[in-house]
Amino acid sequence: MNAGSSGWLAGVHWAGILGLVLDISIKAALVCAIAGLATSLMRRASANARSMVWVFTLVVLLALPLGRFVSPIWNLPVIPEVESWFARGVGTETLVIPEDKTIDAQDGIGVATQGPAATAARGADSAGVWQAWAILAWLAGAAFTLCWLAVRTALGRRIIERCEAADEAWADLLGETAARLGLERRVRLFESCEIGAAVTVGAINPAIVVPAGSAEWPAAKRRYILSHELAHIKRRDGLVEVLAIVVKSVYWFNPFVWLAVKAARIERERDCDDAVLNAGARPSDYAMFLMDIAADLGTPRGPAWQLSTISQGSNLKERIMCILDPKIDRNRGRRRAGVVSCLVVAAIVLPLSLSGVWRTQAQAQEKCDKEKKAAELEKKEAALREHEEQLKIKMEGMSAEEREKFKKELKAKKEMSKLGAEEKIKLSWEKISENENSAAALIHDVIEKKGLEAGEHRAQVLAEKKSADNDRYYFKEGEINTLGYLYLFGGEIKKAVSVFKLNVHLYPDSWNAYDSLGEAMLAAGKTEKARALYEKSVAMNPDNENGKKMLAKIDEKSGLAKVHESVEEDE
């Protein structure tokens, strides 16, 4: 991925989106399987009842993503989180300063309290790129399928515009057949020389188009055609077809959904066949009629714009077998089996849509974190109000000049608090580097001019002179810590590790020195050393929440890495 594309892709949580797509896809497959089982148990029911189940299933599939807006009621730990698929321990390509470790602007000491996120990403995240392209591929497939729907709609309108009104012989038979089927809505009827068989075009305002010259066909043949096509219109199959295509656009990569759509179309055609037979057609005559139509067309597929010709939409052999089977229930009015099946499917699907399938406690942890942040924010606001009261009392005893100077200092601190961790470090270092007597500034100059080894040697010499009470250069833990973070944020991990080690050597009783060195070791990919440093820091300061959280993250990623290794060994 080039720099331009990676720039705008970097700000998107691709793993979360990919996890959403996979979660919905798994549930969609289960929904289709449940619907398939329900319809297989309804073999003796009418095609209309089975068709109801499949149409209901398509509606559920389209509404299934809405369940993700509701936090899962329970979680089924069957699939690892997407982020963990690419984890191999703690990576070294990206440097992340823990989000809850605030670096004081004055001395660079890490304070283990809740603070703003401070992240410095370095290098390319190959897992994120893979996830991004997977999502883009899904979007491309969905867009292609929707474009196919748009093409069908446009071509359908085009064929209608070129049609002519049907002959009166058709019009008279249309009213009679519609009344026999109980269809009250007005239906348009056209003739076209561009088609070879009758089709129904349109979803909202459908029209029947018959071949030009078909008015000369036998009345029985024309009655079969109208009965079948009017049954489609009565069922509102145009809208159902649009629903099917939209569902396929969302789940275009899911074979279970394709099978569900195919099954819905099969039952649709069988139900329309039943409507023709219920209208008085003899099964043998109607079966022969379908075979004649299929022979005239000469191909099982039709134009892209049409809904379905009278001999398409299902395996013709199976349709004819169903037409000739006298034991099949063809009563389209008995929908109790379909309604009951839809209710059963809904009873299973509803809790399924409100459940999770990921091996994670992310939702519960997120809720806990939000509550914790809210409590800490309230605590900070209370402390801020108290601090403001103390400042007012303090300023009452100052002179006008002292008060003005104090206000400027407060303003500078307030502006500093708005900066991110990296900006704070850079600003703090600018002030430190102006002091010629700062040991941290001298070490930095030597490293930059003569290299890391020379800087380490000078630091060792200065440390020995410090122990001999040489006061030419002063040492301050916060300044050394700031220099370490300056290198850490700059991606110079080796230099950061060296500086933090110096701080630990100079201040062995500082829990924060060990905590900062742990961050550098983690960035360097030395997970076990980082773990030991964090453990020591937490042992020295049990209130070091940052250290505890980082240890938990190390343990989690190490556990995932072991799982991946075992899987690879099994493969």
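The values are calculated or read from the model by the stated rules, or taken from the named source; none is laboratory data. Owing to the predicted nature of the structure, the values given are computational and were not obtained by experimental measurement. Heads up, the Cβs are rebuilt from the backbone with ideal geometry, glycines too, and the neighbour counts pull from every protein chain shown. With ligands, DNA and RNA removed, areas are computed over all heavy atoms of the protein, side chains included. Shrake-Rupley method; radii C 1.70, N 1.55, O 1.52, S 1.80 Å.
Within the range 447-461, which residues are open to solvent by 20 Å² or more (accessible area, probe 1.4 Å) and either touching a residue at least 12 places away in the same chain (Cβ under 8 Å) or not β-branched (Val, Ile, Thr) (or both)? Can you show your working first?
Taking the range 447-461 and keeping what is open to solvent by 20 Å² or more (accessible area, probe 1.4 Å), we get 448-454, 456-458, 460-461.
Scanning the range 447-461 gives GLU448, LYS449, LYS450, GLY451, LEU452, GLU453, ALA454, GLU456, HIS457, ARG458, GLN460.
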- Expected output for the range 42-63 (first residue without any contact (Cβ under 8 Å) to a residue 24 or more places away in the chain and over 20 Å from VAL276 (Cα atoms), partner assigned to a helix (DSSP H, G or I) and not charged (D, E, K, R), Cβ below 6 Å, 6+ apart or cross-chain) is none
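Going by the structure shown, is GLY202 open to solvent by 20 Å² or more (accessible area, probe 1.4 Å) and more than 44 Å from the chain's Cα centre (by Cα)?
Numbers: open to solvent by 20 Å² or more (accessible area, probe 1.4 Å): yes; more than 44 Å from the chain's Cα centre (by Cα): no.
For GLY202, the condition - open to solvent by 20 Å² or more (accessible area, probe 1.4 Å) and more than 44 Å from the chain's Cα centre (by Cα) - is not met.
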- Query: Limited to the range 474-501, what total is found for residues that are in contact with a Ser or Thr (Cβ under 9 Å, 6 or more places away or on another chain), open to solvent by 10 Å² or more (accessible area, probe 1.4 Å) and among the small types (Gly, Ala, Ser)?
  - Reply: 0
- Task: For the range 141-174, name all the residues that are more than 22 Å from HIS232 (Cα to Cα), in contact with a Phe, Trp or Tyr (Cβ under 7 Å, 6 or more places away or on another chain) and small (Gly, Ala, Ser).
- Result: GLY141, ALA142
- Total residues in the range 165-179, condition in contact (Cβ under 8 Å) with a residue 12 or more places away in the chain, under 50 Å from the mean Cα position of the chain (by Cα) and under 23 Å from ASP274 (Cα atoms): 3
- Task: May I ask you to list the residues in the range 439-456 that are more than 13 Å from ASN481 (Cα to Cα) and out of contact with any Ser or Thr (no Cβ under 7 Å at 6 or more places or on another chain)?
- Result: LEU442, ASP445, VAL446, ILE447, GLU448, LYS449, LYS450, GLY451, GLU453, ALA454, GLY455
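Have a look at ILE266, ILE225 and point out the one that is buried (at least 18 other Cβ atoms within 10 Å of the Cβ), of a type outside the set (Asp, Glu) and touching a residue at least 60 places away in the same chain (Cβ under 8 Å).
Details: ILE266 fails: touching a residue at least 60 places away in the same chain (Cβ under 8 Å).
Going through ILE266, ILE225 in turn, just one is buried (at least 18 other Cβ atoms within 10 Å of the Cβ), of a type outside the set (Asp, Glu) and touching a residue at least 60 places away in the same chain (Cβ under 8 Å): ILE225.
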- Message: Considering only the range 198-213, I want to know if a residue exists there that is in a loop (DSSP other than H, G, I, E, B), within 12 Å of CYS272 (Cβ to Cβ) and at pLDDT 85 or above.
- Response: no
- Item | Residue among GLY333, GLY356 that is modelled with pLDDT under 65, outside any helix (DSSP H, G or I) and farther than 30 Å from ASP273 by Cα | GLY356
- Note on the structure: Within the range 523-551, restricting to residues that are in contact (Cβ under 8 Å) with a residue 60 or more places away in the chain, of a type outside the set (Ser, Thr, Tyr) and open to solvent by 20 Å² or more (accessible area, probe 1.4 Å), the one that is nearest to GLY490 (Cα to Cα) is ALA524
- Message: List the residue pairs whose Cβ atoms are under 6 Å apart, where the first residue sits in the range 470-490 and is modelled with pLDDT of 85 or more, the second is open to solvent by 30 Å² or more (accessible area, probe 1.4 Å) and part of a loop (DSSP other than H, G, I, E, B), and the two are 6 or more positions apart or on different chains.
- Response: GLU477/TYR507; GLY478/ASP107; GLY478/ILE109; ASN481/ILE109
- Item | Every residue from the range 232-247 that is under 15 Å from LEU189 (Cβ atoms) and buried (at least 24 other Cβ atoms within 10 Å of the Cβ) | HIS232
- Listed residues GLU519, GLU556; which is touching a strand residue (DSSP E or B) at 6+ places or on another chain (Cβ under 7 Å) and either at pLDDT 85 or above or open to solvent by 20 Å² or more (accessible area, probe 1.4 Å) (or both)? GLU519
